[in-house]
Structure formats: C-alpha cells, structure tokens
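So the structure is just underneath, and the comments pick up after that.
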Amino acid sequence: MTWATGLLGSHAVQNVAIGAMMLGACAGALGCFALLRRQSLLGDAVSHAALPGICLGFLVAGGRELPALLAGALLAGGLGALSVQLILRRTRLKTDAALGIVLSVFFAVGVVLLTHIQGRGGAAQAGLSSFLFGQAAAILRGDLVVIGGLSVAALAVVALLWKEFKLLSFDPDFARAQGLPVARLEVLLTLVIAVAIVVGLQLVGVVLMVALLVAPAAAARQWARGLGSMVLLAALFGATSGLAGALASAGMRGLSTGPVVVLFATAIVAVSLLLAPRRGLLWDALRRASARRRLAGTDVLVTLHGVGQAHDDPAYPVEGGMVDAAHGLASARTLARLRSEGMVRAVTRPPETRAHWELTPLGRARAEAALRGNSGEETA
C-alpha cells in the first residue's frame, strides 16, 4: 500500500492511472454489448481502421494534437465499423471475411500514411507510431479531459438507450417485430463502441485495444446473471486492470503500460473462468464429481434392492464382496457415504465374518424412485 501511495504521488503516474481507469471502465462496459452480439473481433477491425484517421488528423492539425488525432481516429474507425455492416448487408460474405477485409485494407492505408509522414522528417511526427502499441507516459492532464469527455458521452448514450440496446443484444428479431429501428440502433451502438476503442488508442494502442474491450466483459460474464450487473462488473474489472497495470508499469523499469494493463485484464479472465460460481471450471468439476458420487450411490442402492427382490426380502443383507464384484473396489467409499446418509446399514450374519449391507427404508425408497425413473425413460 505504501509502495502504491508513493507512486501515485507523481503527477505523471496519476495521469496514467486516471486515464487507464477511465479507459478500462468505458471499454469494459461497452465491450459487454460487443461480446453479447458476438462481435468481439469488431473491436480489432475498428482499432486497426483508426490508424489512417490518426495519420490524417496529424496532417490536418500539423502536429501531434490529441483532439485532432482522436477525431480522425473516430472518423476512420466509425467508417471501418460501418463498412463491416455494409459488407454484411450487401454481400454474401460472412462476418469473419468482412472483418478481415476492413481490417487489412484500412490498416494498410494507415501504414502507408504513417510511412509517408515519417519520411517527411521533422520533430512534429515524433511518437506518432506509438499509437500502434500505445504510449501511456505521453498522457497529459488536458488529454484526460478529452478521454473523460468521450467516455462519459459514450456511456451516456448507452444509459439513454439502455432498453433498446439490451433488446438488440439479446433478441434483434423481437426488437424488429416491436417496430424498433434495428439498423439505426446497430449503427449507433457500433459507433459508441468505436468511441471506446478510439479513447484507448494512446494508452493501449491499435494492436492490443481489442483485448481491453473483450477481456473485462468476458470475465464479468462468468459472474453476472443479468446485463446490468455484467456491465457494472466489466467496468469495475476494466478500471481495476487499468489501475493495476499503471502502477505495475510505473514501479518497474522497462514495462509498457498498455501490455501490462492487458495482462492484468487477462489474469482476471483466467481467475473468473476458474472460480466463478455456477460457471467456473472448478465449480463445474465439483458438480461433475458430485454427480458421479450420486450416480454411484444410486447404482449400489439399486443393486441391493435387486438382490432383496430376488430373495423376497427387501432387507436382505448383501455381503460386501458381492457389492465389490458388481461395482469395483471403490464401492467401500460409496457404502460408507450411503451409511452416513442413512441409506444402508452394516449388519452381521454369523458365521460369516465379512460385513453385510442392507437397505434402510429410506434407501429402499431411493432405489425404487430410481427404478421408476428409469422405467419412465424407457417407456418414453
């Protein structure tokens, strides 16, 4: 805590941390809609499509002015996103082909423009190529106002059209049947997502921006049960990743902020995939193990019940070796668990010395219920 407090005493670190938190919160919240609409790679296409806009903004402004660069990036990124929608609507190409075309063409134009600008020489173009991988250290207080303004504007649009965007994300056909302008809403939502991407270009860069858009949303999806909680959690995960990445990169020499932020976001995804209740891999493994134990217990109960029926005695004691022969040596653990649950009880049958097992009334009821269930399945 003292280490983090000392780092935050620097104005440069404060700028980076605040910018990263705003970016993470905005990208995480808006990334939920891209994830739910199965358009996660749209962020990759938009971020790469923004590169020629950055170069054009530089040429128009005559220097590395952030408002001009972001305006150009937003224009080009929005045009790239709309191009994807146009290709999907006017041609028979699939989404992956449309994204690949837009990404490669726009990025190629951007690289050509960037090479042209760098070939002109002069100090004005210094650092322009940092938009490929981000350069958080160049963020100034004035830049935070621009980043914050764009983030608030994008989230405000989502708040105003929350019901429409929610319906569009889950059931666009029903939204169309309700008379909503689905096409225009899709365009608007795509442009709002493009704003979040453009905001993060200076911090994370063109190449890694899609990760910050998708990772917090993917992590939140594991924990949340509704869209509202998912958006809030994604914003929290994004902001946490931004702050942690900014502090880690500031405390260790030679680390770039953007990649570190993405690594923290990826770590949150990994933990969420493993530990999230009801959806995590660990919980799934526990559920499967519990189901196997229940199934093994039911099989043993049915076996004891069958032996009892064969001897016309529902409480007929069955020798443990017979159970082992039918269900393997692991049946000892199963019998012990069934005994603790009151399903079976151990009895003696002189002169034999090995343990015998008989069903309790509760065990017989469970076995008969299982047999009735199997009989119903066979009939169906």
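Among residues of segment 104-126 that are loosely packed, with under 11 Cβ neighbours inside 10 Å, those with a beta-carbon under 9 Å from a residue that is modelled with pLDDT under 75 at least six positions away or on a different chain give the pairs Ala126/Arg64. Flag: Ser256 matches the condition of being out of contact with any Leu (no Cβ under 8 Å at 6 or more places or on another chain), in contact (Cβ under 8 Å) with a residue 40 or more places away in the chain and either of a type in the set (A, V, I, L, M) or farther than 30 Å from Arg372 by Cα (or both).
Given the condition among the basic types (Lys, Arg), part of a helix (DSSP H, G or I) and closer than 30 Å to Pro52 by Cβ, answer yes or no: does some residue in segment 178-194 qualify? The answer is yes; a qualifying residue exists.
Each residue in segment 246-265 was checked for being more than 12 Å from Val13 (Cβ to Cβ) and surrounded by 16 or more Cβ atoms within 10 Å (Cβ to Cβ), and 9 of them qualify. Checking Cys55, Cys32 one by one, the residue that is more than 18 Å from Ala196 (Cα to Cα), surrounded by 24 or more Cβ atoms within 10 Å (Cβ to Cβ) and assigned by TED's automatic domain parsing to the domain that holds Ile139 is Cys55 and no other. Taking the criterion of being of a type in the set (A, V, I, L, M, F, W, C), surrounded by 14 or more Cβ atoms within 10 Å (Cβ to Cβ) and assigned to a helix (DSSP H, G or I), the residues of segment 304-331 that qualify are Leu304, Val307, Met322, Val323, Ala326. The residue that is modelled with the highest pLDDT, among those in segment 145-156 that are surrounded by fewer than 17 Cβ atoms within 10 Å (Cβ to Cβ) and in contact with a helix residue (DSSP H, G or I) (Cβ under 8 Å, 6 or more places away or on another chain), is Ala153. Being modelled with pLDDT under 85, touching a Pro at 6+ places or on another chain (Cβ under 9 Å), under 30 Å from Gly238 (Cβ atoms) and not polar (S, T, N, Q) is not true of Phe107. In this structure, Leu301 qualifies as outside the structural domain of Gly28 (by TED's automatic domain parsing) and in a helix (DSSP H, G or I).
The values are calculated or read from the model by the stated rules, or taken from the named source; none is laboratory data. Everything numeric here is computed off the predicted structure, so don't read it as measured data. Neighbour counts are summed over all protein chains in view; Cβ atoms, including those assigned to glycine, are modelled from backbone coordinates with ideal geometry.
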